[in-house]
Structures are given as structure tokens and as C-alpha cells.
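Asker: Starting off with a structure, shown below.
The values are calculated or read from the model by the stated rules, or taken from the named source; none is laboratory data. What you see is a predicted model; the values in this text were computed from it and never measured. A quick note on method: Cβ atoms are made from the backbone with ideal geometry, for glycine too, and the neighbour counts reach across all protein chains shown. We work out accessible area using only protein heavy atoms, side chains counted, and drop any ligands, DNA or RNA first. Shrake-Rupley method; radii C 1.70, N 1.55, O 1.52, S 1.80 Å.
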Protein chains: 2
Amino acid sequence: MKAIADIDKMKVFSRIKRKSGKSIGLVPTMGYFHDGHVSLIRNARKQNDVVVVSVFVNPTQFGANEDYRQYPRDPARDKEIAKREGADIFFCPNKEQMYPSGFSTSVEVEKLTGNLCGISRPGHFKGVSTIVAKLFEITKPDIAYFGQKDAQQAAVIKKMVADLNMDVMIKILPIVRETDGLAMSSRNVYLKKNEREDALILHQSLKKAEDLFAGGERSSRRLVSSIKEMIDSKKTVRVDYVKVVDCETLKAVDQIKDKALMALAVFIGKTRLIDNAFLKVHDE
Amino acid sequence: MKAIADIDKMKVFSRIKRKSGKSIGLVPTMGYFHDGHVSLIRNARKQNDVVVVSVFVNPTQFGANEDYRQYPRDPARDKEIAKREGADIFFCPNKEQMYPSGFSTSVEVEKLTGNLCGISRPGHFKGVSTIVAKLFEITKPDIAYFGQKDAQQAAVIKKMVADLNMDVMIKILPIVRETDGLAMSSRNVYLKKNEREDALILHQSLKKAEDLFAGGERSSRRLVSSIKEMIDSKKTVRVDYVKVVDCETLKAVDQIKDKALMALAVFIGKTRLIDNAFLKVHDE
């Protein structure tokens, strides 16, 4: 595995590979790898000739009062993991390269970002779509891999690719969870012991709602109430939102037909965590 | 020459050409060709293996009260001209293909669009950068050609390409003028006889300012005054703006050093026309 920090070198590498007919799989990350990232890298390794893992903590997707500075970083460990998992390139540009002085362009997916995390994190998805558009141009992937935990991000990236006629296949892989059910996240490291215990309520409340759904409940309002009630029972956890939305448009759904996305965000202390589950009448 | 209306067919064509090592030159236009367009096509023809001329009157770059519906169109004549000039592909998608239902993504170059035409045409450059990003993805050009008459557009496209790490070389070709000096524009067809006569003042006033500059005048304020005074002498012409700006950042320049862009926009009746000239201490 080769580490590349320079954008132009990365461009040359990916263009040479593409020209010689090799397929490129990209795993764009903010680093501090957990098994969710590993799952993305492993899939990319299986499905492509060349695997590029990018690590860039993207400042433009953090709000002014968010955790850009504190966001956990461990590039040496990330590099070891990427290597172990068979990545070919560890692409780690710095922010001066990605956003040189005078940078002024953005890519925005407007309709999908007015709900869910888009409300509590204004500008977040504009930062995400812009950096992903840049990474796609630099690394020219055939397939790019993202995790389902960031459900809204997944929908936004897919929409950007379709709307801008980009030549990238987007693969969204299932949420990877700790053995006790907590969705893996680089931010879990922020949690104190009691917060970590309370954090289990995210997955537990989603499971409960899934059970209610399986039992015939189709009212979003009642499913959301059930989740909120469970979350409110935990002292350290404050609901940001709990919503049932259309899987693609992310618009609110009142009465669920075939399928919907149940998504939530909470604050546990200062840590903001998200989780979600698909509700489907028939397993696909 | 082959006409292609379908985005996917255009994608397949450009990808086959790129894979076989052919260079692609793109001339993105809104059609209703004049010699300015012809100059772009001829340059593309000289410098590339394959020439794609696109014609798409892009609705998103017209304001609500602007001339999208009336904008002159003559695809049959455009096609003839493109063929005569040796284009390989005449790409003419329709707006339902370019902006399908639910379309929600935009590309925006923020800093450069807060001045000049960006003030009187809010949203215009967002429409331009979005459609050009799409055309680049669809046609995969090595070089794309634009005219200097749309000076701000040229700066915006260059900035978008740099910021988003796109692999396209942007070539900006000089303004092509009628024999009497009027900058060629598809919108000139709107002008009534007396308006057409008065429209000469655009070029004449820019020439006058160039003369003053050549004679040592470096004050933007005085150059702008000279132009405004000349334009104000014409009854049918109303100034939208006359400004001297930095060639790249498009920020106002008070005292000109080596080089600046002098740009203007006017309304003649209902027709909005633009023109510009570089002011350079030494010819490059």
C-alpha cells in the first residue's frame, strides 16, 4: 500500500489505472476507523482492481460550534488497518490542498437536506457533497462505498451523482454495530461510561419500533412516540429528532405503506449520535 | 456529424473516444450561432481529435423575468453550421433529460458571483456552473471553449474547475465583433434599428476608456465616468453597471496596476447586453 498526500499524484495514479482498464473502488472516510469502515474497505477490495481509501476530516461539514477540532484522529492506526485490509492507496490530503486560499465552489443537494440532520446541522451536507464531488474528481472511482448509518448522507450522495450525471456507482453498506447493538461511530469514543450505557437506547428503541411495525403498526406518529418515550427514560440522552421518512426523498411519511426509513439523532452529553432502521413490509 | 439528443448515448460516445485515446473538445452553447460560436468550434476543431458542440438553452440560468421563452432558437441552422465547421457531435438534449423531475443539485461559485452580472441576475451563475458541470460529466472533454464576451462566466467556470479538481482545460477565446464593433451576441437579434445604432456606444465607450488608459489614466473611477457619460448620451441605452475589476477575483479595483477587466452591462429597450475589455499596461 502506498500513501499519497498530494492531489496531483493521486490524480495521476487514478488516471493511469483507469486508462489501463483497472476498476477503482473508493472508500471516502474521515478516518479513526472502526469495523464500519473495515466493512467498506473489505467490500471495495472484493469488487475492484484498485482500492483507494481516503482519510480527510473535512472542515466544511462541521458547524461553527461542532467538533471539528476534537474529532478523533489516528492516521497511523488507520493506515495500518487500510494496509491490513488490502487497500492499494491511502489518500490523505491536507486541508490547505483541498481548500486552497480563495476556494469558493460548493455542490449542494437542496431538497434532500431540508429535513433530519439538515435542520440541526445547517451547511453540513453542502460540505459533504462538495468534498465528495472533489474526491470523485480526484480519484475517479468506478464504485464508491458509504455506510448506511449516515442514511441522509447516502441519499444525498446518490442524488448528487444522478443529478450531475456522474459516472460513479454508489454502494451503501449496512450499519455495523457493537455486540451490544450500538451503531459504530468514530464519535462513540466521546462517550463517558454512563453515557455509553444510555446510548444503547438508540438501537433498543429502533428495535422496539421495528417490532411494533412487524406487528402491524403503520402510524409514524405512534412509532415515533414509542421511540421518544424510551429515549426520554434515559437521563443523559436528549432527542434531536426521531422521524419516519421516505427512503429516497426523505420527506415525512405519516402512514407507512411498503417501506420507510426511521431515523433519529440524539445528544448524549455533548456528543451527537445518529442511528436508523428501514421499515419494510416485505423483506427484499 | 452525428446529432445526439440522449444523455446516455452521449456518455457512451465520449467514453469510447476517451478510452481509445482520442482527445475531446467541447463547445457548450445555447445555440443561435454567430461568428463567436464559429470561432469556438474552429479552435476546438484544430486542437482536438473529436469535437462536441452542445446546444441547450438552459432554463436555470434565466431569471423569472428574463427571456428564456423568447431566447432565439434555430437548431436546424446551428446543426448546419456545426457540420460545416467539422464538428463530430451535435449534442442537443432536452430540458426534461437535463432536469428530470425531482432534480435538486446545484454547483455554485460563491465569491466570484457577488459582483457584475451576479448582482442584476441573481441565480444566473449558479445555473451556468451547474449546467456546465453536467455537460462536463456527460461529454468528458479534454478542453472546453468559452467566449470572452461572457467574462464573468469565463472566470466562474475556471474557478469551478480548479476548486472541484476537474480534469478540463478551459480556453477562453477573444470577443468576436461585427464590422462596426458591436460584440456578437445571440441577443443582438432583439434590437430594433435605432437600438442597434445606439448599441455601438458599448464598444465605442470601451475603446475610449482603453485610449485613456493607454494615455496613462489609472483611476477606475475616471474611466468608468468616461464610459457612463458616453452611454448616457444615447437615449435608448440604460447602464446596468460599468466596473473595473480584478481579472480573476472580479473584485473592484480602484487604481489599476498591471492589468484589470473593464466590464459593462446595459439595457437597450428590453434587451440586456454586455461587453468588456482588458486593460493591460504591457501587451502579453
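Asker: Taking K and R as +1 and D and E as -1, what net charge do the other residues with C-beta under 10 Å from the C-beta of A:Ser220 add up to?
Answerer: Values: positive: A:Arg218, A:Arg221, A:Arg222, A:Lys243; negative: A:Glu217, A:Asp254.
Net of charged neighbours comes to +2.
Asker: Tell me the net charge near A:Ser39. Cut-off is 12 Å between Cβ atoms, A:Ser39 excluded, with +1 for each Lys or Arg and -1 for each Asp or Glu.
Answerer: Taking every other residue near A:Ser39 into account, the sum is +4.
Asker: Return one whole number: the accessible area per residue of the range A:109-155 in Å², for a 1.4 Å probe.
Answerer: 25
Asker: Here is a follow-up. Once ligands and nucleic acids are excluded and a 1.4 Å probe is used, how much of B:Met1 is accessible, expressed in Å² to the nearest 10?
Answerer: 90
Asker: About the Cα centre, and with charges only on the beta carbon of Lys, Arg (+1) and Asp, Glu (-1), how big is the dipole of the range A:53-172? Nearest 20 debye, please.
Answerer: Roughly 180 debye for the range A:53-172.
Asker: How much FRET efficiency would the formula 1/(1 + (r/R0)^6) give for B:Lys280 and A:Lys19, where r is the Cβ-Cβ distance and R0 is 35 Å, rounded to 0.05?
Answerer: Details: r = 40 Å, r/R0 = 1.14.
Plugging the Cβ-Cβ distance into 1/(1 + (r/R0)^6) gives 0.30.
Asker: Using a 1.4 Å probe on the heavy atoms of the protein chains only, list every residue of the range A:92-122 that has 40 Å² or more less accessible area in the complete assembly than in its chain alone.
Answerer: Residues meeting the cut-off: A:Phe103, A:Ser104, A:Thr105, A:Ser106, A:Glu108, A:Glu110, A:Lys111.
Asker: Give the ranking of A:Arg238, A:Arg77, B:Arg121 by solvent-accessible surface, highest area first, calculated with a 1.4 Å probe.
Answerer: Most to least solvent-accessible, the answer reads A:Arg238, A:Arg77, B:Arg121.
Asker: Still on this model: Please report the accessible area of A:Ile16 (heavy atoms, 1.4 Å probe, ligands and nucleic acids excluded) in Å², nearest 10.
Answerer: 110
Asker: Nm distances between the label at A:Lys111 and the same-position labels in the remaining copies, 7 Å along Cα→Cβ, shortest first?
Answerer: Values, ascending and in nm: 3.3.
Asker: Measure out, as a whole number of angstrom, how far apart the alpha-carbon centroids of the range B:1-70 and the range B:188-226 sit.
Answerer: Spelled out, the Cα-based centre of one part sits 32 Å from the other.
Asker: Still on this structure, please answer the following. On the accessible surface of the range A:2-173, probed at 1.4 Å, how many percent belong to carbon and sulfur atoms? Spell out each step's value before the answer.
Answerer: On the way: 3510 of 6920 Å².
Ligands and nucleic acids excluded, carbon and sulfur reach 51 percent.
Asker: In the range B:186-275, what percent of the accessible surface is made up of carbon and sulfur (1.4 Å probe, ligands and nucleic acids excluded)?
Answerer: For the range B:186-275, the apolar C and S fraction of the accessible surface comes to 48 percent.
Asker: Okay, moving on. Please name which of B:Val239, B:His282, B:Leu264 has its Cα lying farthest along the dipole of the range B:233-284 towards the positive end, using unit charges on Cβ (Lys, Arg +1; Asp, Glu -1) and the Cα centre as origin.
Answerer: Projecting each Cα onto the dipole axis, the largest value belongs to B:Val239.
Asker: Can you list, shortest first and in nm, the gaps between the label point of A:Lys228 and those of its counterparts in the other copies, using a point 7 Å from Cα in the C-beta direction?
Answerer: 5.7
Asker: Buried accessible area for the A:B pair, summed, 1.4 Å probe, in Å² rounded to 100?
Answerer: Values: alone 14270 and 14260 Å², together 26020 Å².
Looking at A and B, the buried total is near 2500 Å².
Asker: Here's a follow-up. Per residue, what accessible area does the range B:186-275 have, given a 1.4 Å probe and all protein chains present, in Å²?
Answerer: In whole numbers, the range B:186-275 has 53 Å² accessible per residue.
Asker: Report B:Ser101's accessible area, 1.4 Å probe, all protein chains in place, as a number in Å² to the nearest 10.
Answerer: For B:Ser101, the solvent-accessible surface is approximately 120 Å².
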